[in-house]
Structure formats: C-alpha cells, structure tokens
Amino acid sequence: MDIFDEIRFIARKTQNPYLKEARSAGQKIMGYLCSYVPEEILHAAGFIPYRLRTVESLGTEKGDLYYSALNCSFVRHCFDKAVRGDFDFLDGVIFFNGCDHSRRMYDNWRDLYRERQAGPGFLHMLIAPHKISQTALNRYTDELSKLVRALEESFGLKITDQKLHNSICLYNEKRSLLAQLFAMRKGEKVPLTGAESIRLVLALSAVPVEKAVSLLEKMIDACQDRNVAKPGDLRLFMAGGCMEEADHMQLIEDQGAVVVADNLCLGARSVHTPIEEDLPPVPAIARRYLTHLSCPRMVNDFYSRSHYFEETIRDFSVDAVITDKLMFCDLWGGEAFLLKSEARRLGIPILTLEREMHGGGAGQVQTRVQAFFEKIANLTQDDA
Ligand code: SF4
C-alpha cells in the first residue's frame, strides 16, 4: 500500500490498526473534540489523543434523540456514533466550548453515561475564553492546569514538566512537517489536492504522534515531484469549520480547481504556531492554543484571520475563495459574511456554500461551483 492509500484507509475509518495495536499493548486512548484541546497534555499523560470524527456515520437518528434539528449536522452525526457505541474504545473524552452545539455534547454524553453506562466514564469539559488577552491567557492556563489535575487524579498518574516538554517537542515536529508539506502548495506544482489534505489531517489525528511523524516524512518524500494541478485549474482558498468529507472537497476540485490553502479545522489550523520549548510547559501550551490561527469562536481576533487570509491569497497565488459552512453554524455564518467583504476589498472572487454533513446534494454543489468557475473564466476573458 503506498502512502496515499494508507492515508485514505486510515481517514475513512473510525478506528485503525495502529490504535488497535496500541490498545492491545495496554495504551489508553483519549478522545477530544476541537483544535483548541492540547494534544500535548493528553500525550504527556500517556494517552493517544484521538480527534472525534463522523466518518462511517450511519445517520443522525440516534443523535437526534439528544439534539435538536436546529443543531449542526457535525455534532448530530458525531453523537449518533457515540450512542451507537462507535467510540467505546476510548478511555475518556475531553469536550470543549468551541460553540454551543459542541459544548452541549458534554451534557448529552454525561446523560448517555448515566442512563446506559455507555462510553467512557471520564468526561472532562475544558473551557477556553472567547477572547485573546492577558486575562484570557491566565484563565486558559488555569483551565489547562485543571485538566492536568483531573487526568492525574482520575487515572492515578503524574504529568511532569519533563513529560510535557517531550510531548511539546514531538508535536512541534509533527506541526513543522505538516507546515513544510502545506507550504509546498505555494509553487506552480501542487503536490496534493485539498481532498488529500483533509484525509491526511484526519488520519494524523487518529494515530500515535510517532506514527504521524513517520507518515508525514513518507508523504513529504512522495510529494517531491508530484503535481496534481491540471492545466487551467483555478487555485482555491477553502474556508470553513468542520469538514471531514474529502469527497465533497474532491467534487469541488473536479470542476476545475485545486485547493492550495485553507483555514479549515482539519487543515491550516493544525499547522500554525509552534509551542515555545524553553518556557514552563503549561503556560507555553496555553499561549500557543489561545493564539494560533483562530477559529471564528474567538470574537476579538478577526483582524488576525483577515491578515492570514490576505497574506495567504498573495503567497499561494490564490485565484478564488469558497466558504463552505454547515447549516445552523452561526460562527461560520458570521465569518463567511465578513470574508465576503474582505474578498471584495481584495478583488478576489468568492462563493458561499452551505451543506449538511454527509448530506448529499452533490448535483447542486456541482452546478453552483461550475457556474462560479465559468463566471471567473468569463471575467478573465473580458480582461484579456
Ligand atoms: S460546524 Fe459550527 S456549529 Fe457545528 S460544531 Fe463546528 S463550529 Fe460548532
């Protein structure tokens, strides 16, 4: 199996052979929900961090017993899987107040555990402020210290500074390799598609970090002379939150584009900002996670996101932008609106899409994207 097939295989499964192997060797696995949950702390506690996912979801029927139809389809699919027992291999789950929909999963999962003893007993709610400031940083550092204590007390272990330091170095290495790979998309030759990059980040968040580093090294090797861009393909920037459906991304790219940059949860957000290795570990982790390329949940950080947007459009020679949000996602609804005016200011074409996770609608997406790309082609001809 070559590296691309291996990544595809891991990405489309809830579990994978590396997790199963680690579990049989006695290692514990800790689920988490969001890019603001520091994997370093979970790793230093001896767990394999595992990002919860909706792949292989059978629907939202069971999740809908706990959620309302006005909640986004990511949380409904994800919790449906929890009710069905798909995440029973986890030893705990760390939840996060990313948005109200995802925060609610903590309450629902506790109910599920109380009612049916389903899933792991260790459920921890991590809170991060919605603003970036010194006060917020102090608060988040306290929250991370609480997480450290909760893990130590519940599992009878000790998370030393030395262990944290080792984990920080490993995750910095993973981040830096991914950043190196993503930066290779700046050039005319684009070594991997947007669909492949989603699969890659999804796969990396479900294997031991040491394995992730070796997969990334193989991927960088395999990408050296690779070019997936076809002549005439538009270079796209993809903006959005919870997107795991590589096929959806592939459908967009198949209309005549290649995604060269993004600010997706399973994308650029995982590569930005290393953790400072020579500072006390918990405050250093807090600083990185509070100030990395932010999600729209951070209400006073649009300026940084728009700066990243502008810089990336220039550095990656982006021709067009697509924002793609889930229905009922207010965070990305607001962000898409703001990005639209930023795109207008920068003179770059932008299309706004909305979807249900694993919700089909391929024909409609295809038509809208085709029309958007044709409009850009016509504009370019008019300019010539
Ligand atoms: S898609 Fe939006 S509403 Fe759903 S979990 Fe993500 S941020 Fe929250």
Q. Exactly one of (1) open to solvent by 10 Å² or more (accessible area, probe 1.4 Å); (2) under 22 Å from residue 341 (Cβ atoms); (3) not in a loop (DSSP other than H, G, I, E, B) is unmet by residue 250. Its number?
A. (2)
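Of the residues 257, 320, 284, which is modelled with pLDDT of 95 or more, of a type in the set (Gly, Ala, Ser) and touching a Pro at 6+ places or on another chain (Cβ under 8 Å)?
Going through 257, 320, 284 in turn, just one is modelled with pLDDT of 95 or more, of a type in the set (Gly, Ala, Ser) and touching a Pro at 6+ places or on another chain (Cβ under 8 Å): 320.
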Q) Of the residues that sit in the stretch 75-97 and are basic (Lys, Arg) and within 15 Å of the ligand (Cβ to nearest atom), which one is most open to solvent (accessible area, probe 1.4 Å)? A) 76
Q. Which of the following residues is modelled with pLDDT of 95 or more, closer than 30 Å to residue 228 by Cβ, open to solvent by 10 Å² or more (accessible area, probe 1.4 Å) and aliphatic (A, V, I, L, M): 10, 3?
A. 3
Q | Per-region count, the stretch 293-316, residues assigned to a loop (DSSP other than H, G, I, E, B) and open to solvent by 60 Å² or more (accessible area, probe 1.4 Å) | A | 2
Q. When both residues are 6+ apart or on different chains and their Cβ atoms are under 6 Å apart, which pairs have a first residue that lies in the stretch 196-220 and is open to solvent by less than 20 Å² (accessible area, probe 1.4 Å), and a second that is of a type in the set (Phe, Trp, Tyr) and assigned to a helix (DSSP H, G or I)?
A. 207/18
**Q.** Restricting the stretch 13-44 to residues that are within 15 Å of the chain's Cα centre (by Cα) and aromatic (Phe, Trp, Tyr), the residue that is modelled with the lowest pLDDT
**A.** 36
Q: Report whether or not residue 100 is open to solvent by 20 Å² or more (accessible area, probe 1.4 Å), closer than 23 Å to residue 264 by Cβ, acidic (Asp, Glu) and within 15 Å of the ligand (Cβ to nearest atom).
A: yes
Q) Does the stretch 317-330 contain at least one residue that is farther than 22 Å from residue 256 by Cβ, in a helix (DSSP H, G or I) and either open to solvent by 50 Å² or more (accessible area, probe 1.4 Å) or within 16 Å of the ligand (Cβ to nearest atom) (or both)? A) yes
Q. Which fully enclosed helices (runs of 4 or more DSSP H) of the stretch 148-234 have 2 or more residues being more than 20 Å from the chain's Cα centre (by Cα)?
A. 161-183, 209-223
**Q.** Residues of the stretch 65-74 satisfying the condition of being within 15 Å of the ligand (Cβ to nearest atom) and either more than 19 Å from residue 360 (Cβ to Cβ) or of a type outside the set (A, V, I, L, M, F, W, C) (or both)
**A.** 66, 67, 68, 70, 71, 73
Q. Among all residue pairs at least 6 apart or on different chains, which show Cβ distances below 8 Å where the first residue, located in the stretch 150-178, is open to solvent by less than 70 Å² (accessible area, probe 1.4 Å) and the second is basic (Lys, Arg)?
A. 152/158; 155/28
Q. If you scan the stretch 331-340, which residues turn out to be surrounded by fewer than 18 Cβ atoms within 10 Å (Cβ to Cβ) and either more than 14 Å from the ligand (Cβ to nearest atom) or of a type in the set (D, E, K, R) (or both)?
A. 337, 338, 340
Q.
Let me confirm something: among 167, 68, 102, which residue is of a type in the set (Ser, Thr, Tyr), within 23 Å of residue 55 (Cα to Cα) and touching a Leu at 6+ places or on another chain (Cβ under 9 Å)?
A. 102
**Q.** Complete set of residues in the stretch 341-384 that are out of contact with any Leu (no Cβ under 8 Å at 6 or more places or on another chain), open to solvent by less than 70 Å² (accessible area, probe 1.4 Å), of a type outside the set (Ser, Thr, Tyr) and within 27 Å of residue 304 (Cβ to Cβ)
**A.** 342, 343, 346, 347, 348, 351, 353
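The values are calculated or read from the model by the stated rules, or taken from the named source; none is laboratory data. Just so you know, these numbers come straight off a predicted model, no measurement behind them. Cβ sites come from the backbone with ideal geometry, for glycine too, and all protein chains shown count toward neighbours. In case anyone asks, the SASA skips ligands and DNA or RNA and just uses the protein heavy atoms, side chains included. Shrake-Rupley method; radii C 1.70, N 1.55, O 1.52, S 1.80 Å.
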